[in-house]
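The values are calculated or read from the model by the stated rules, or taken from the named source; none is laboratory data. Computed from a predicted model, the values in this text were never measured in an experiment. Every residue, glycine among them, receives a Cβ derived from its backbone with ideal geometry; neighbour counts consider all protein chains shown. Just the protein is used for accessible areas: all its heavy atoms, side chains included, with ligands, DNA and RNA removed. Shrake-Rupley method; radii C 1.70, N 1.55, O 1.52, S 1.80 Å.
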Amino acid sequence: MNLGSAAARGGVVTIGLQATRFIIQFSGLVVLGRLLAPADFGLVAMVTAIIGIGDIIREFGLVPAAIQSSSMSKGQRTNLFWFGAGLGILVALLCCLASQFISLIYQDNRLIEITLVLSLTFVFNGFQTQFQAGLAREMKFVALSLTDVFAQIVGLGLGVGAAIAGFGYWAIVVQLVAQSASLLIFRIIVAGWTPGLPVRNASIRSFLKYGQSLVLTQSLVYVTSNVDSLLVGSKFGAEQLGFYNRGFQILMMPLNQILTPLTSVALPVLSQLKDESGRFNSYLQRAQLMVAYPAVILFSMMAACAQPLIRIVFGEQWLPSAAIFQVLAIAGAFQAVGYIGYWVFLSKGLTGSHLRFSLISRSILLAAIVCGSNWGPVGIAAAYSLGTVLNWPLALLWLRRAADLNIGPLAYGGIRAIILGLTCAGVSTAVARAAGNQADIAVVLIVTLTSLVVIGLLSVIVRPYRKDMAAIVATAKLVVAPRVAAKRSVGDRT
């Protein structure tokens, strides 16, 4: 099987398994959202908004560093394992020390115990880092996704059980800790690799150099991406943060189902093609279609029927999250369109350039969020979206020089996807309003059907959209073709 078929099959199979993961996560939001109060989610979000940066430090960019490297010895892999495990333990200890500080920020002593228990996740994740990197490096995408899915099931099951038993916000804590612990166990089982003792003459300096700039960039991105939650929690309280966090979860959950599996597939492939400009650009353009179209279409449909959708799924108590999600959907669409830029930085080893770019782009985002906080949670969401929109053209212009990238097709492809999303949202919203007062489920169906009709018409009438859909279908055929060939081969032998 050639690299294109391997990438396509890995992407489609992984996304298929991610669909299962999405169902599990979404079910968790629904069930726990009806068993727990918004303030319960807000309490845990107060902690995770701050300590989440520890997971970036704990990984230290070692997963993409291992994937991107052209070679890695057994000794280096062992040393990377122990380095990651040590970092996980160190971050957990620092997290425990910071628990008092976190409680002072929000003036809530309950956050101390939450922080102490959640620090265990850094230990578990630190030990599993190189198991994850090894599976990705060997392109064992199914194993990566299956272990993730099973860990989600274990975490959700225990979390729901704790919620039913009346543990309140502790149910969310149980879910997170159980998920990270089970992920470590599952990946040890499927990896087929056991680390030995540290090897003195196996240097990992090059991996740490790669990760050094990356971890600084990711930390910067994390801080600026979570300032919104910090401001909402400190200025407006746990309940309002619960609403804001739910709107953000509704945004990020489908986005992660698309971006996370495709990153695990695209990064190894693009890293192998980084010196072949023509093939690199071709894969990148096709990857943009596979990321942008599903995400933009989904966000446009969800934004058009946000209120009835939230009432149906989560209940009336979560309705304030609808307006927040509608505004954040703009950020989600542009983040999906521009995410390939992140792949370019990593696959070409431009972590230093990525850090310099992030210092500029995230400063703009941070300034916008601080200004937006004067207009409440919705104002913060609008500022976050504005910063994300501005980030996309800046990233393309930066990559044109830093990576010698032909940005014209990528810019044009992104604009097409955004226009399609805006058209779907506008037409479906107008049709739903014209239908008058309808039941919530009827509004959701009207928006969905109208959007599908708009997409179908544009794909038939407008030539660029027709070509894009053909390219997506062609990518799917790369998955089907090897299976068809295999069946024919078996038929010939019989």
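Could you tell me the calculated FRET efficiency between residue 260 and residue 462, based on Cβ-Cβ distance and R0 = 41 angstrom, to the nearest 0.05? Calculated value: 0.85. Averaging the sequence gap over all C-alpha pairs within less than 8 Å and six or more residues apart, then dividing by the number of residues, gives the stretch 367-471 a relative contact order of 15 percent. Heavy atoms of the protein chains alone define the surface here; on that basis the stretch 27-152 has 37 Å² accessible area per residue at 1.4 Å probe size.
Only protein heavy atoms count here; under a 1.4 Å probe, residue 170 has an accessible surface of about 60 Å². Inter-label distance, residue 93 to residue 438: 6.0 nm, where each label sits 7 Å from its Cα along the C-beta direction. Counted over all Cα-Cα pairs of the stretch 346-443, pairs farther apart than 20 Å make up 60 percent. Each of 269, 460, 123 has its accessible area taken with a 1.4 Å probe; listed largest first, they run 460, 123, 269.
Taking only the C-alpha atoms of the chain, the Rg (one decimal) and the largest Cα-Cα distance, Dmax (whole number), read 22.7, 74 Å. Stretched out straight at 0.36 nm per residue, the stretch from residue 313 to residue 27 would grow longer than its current Cα-Cα span by 102.0 nm.
Computed from the alpha carbon positions, the gyration tensor of the stretch 66-144 leads to an equivalent ellipsoid with semi-axes of 34, 13, 9 Å, biggest first.
Taking the accessible area of the stretch 48-115, probe 1.4 Å, and keeping the other protein chains in place, the carbon and sulfur fraction comes to 65%.
Of all alpha-carbon pairs in the stretch 226-267, indicate the percentage at a distance above 16 angstrom. Cα-Cα pairs in the stretch 226-267 separated by more than 16 Å: 47 percent.
Maximal additional length on extending the residue 394-residue 406 stretch stands at 2.9 nm, based on 0.36 nm per residue less the C-alpha distance. Based on DSSP H segments of at least four residues, each scored -39500 (n - 2.57), the chain has a per-residue ellipticity at 222 nm of -29500 deg cm²/dmol. Rounded to two decimals, the Cα radius of gyration of the stretch 251-362 over 2.2 N^0.38 Å is 1.28. Multiplying the residue separation of residue 474 and residue 208 by 0.36 nm and removing their Cα-Cα distance gives an extension gain of 91.9 nm. Pairs from the table (209/274; 274/467; 140/209) lying more than 21 angstrom apart at Cα are 274/467; 140/209.
Spin-label model, residue 219/residue 415: points 7 Å from Cα along the beta carbon direction are separated by 3.9 nm.
Taking label points 7 Å from Cα along the Cα-to-Cβ direction, residue 194 and residue 449 give a separation of 6.1 nm.
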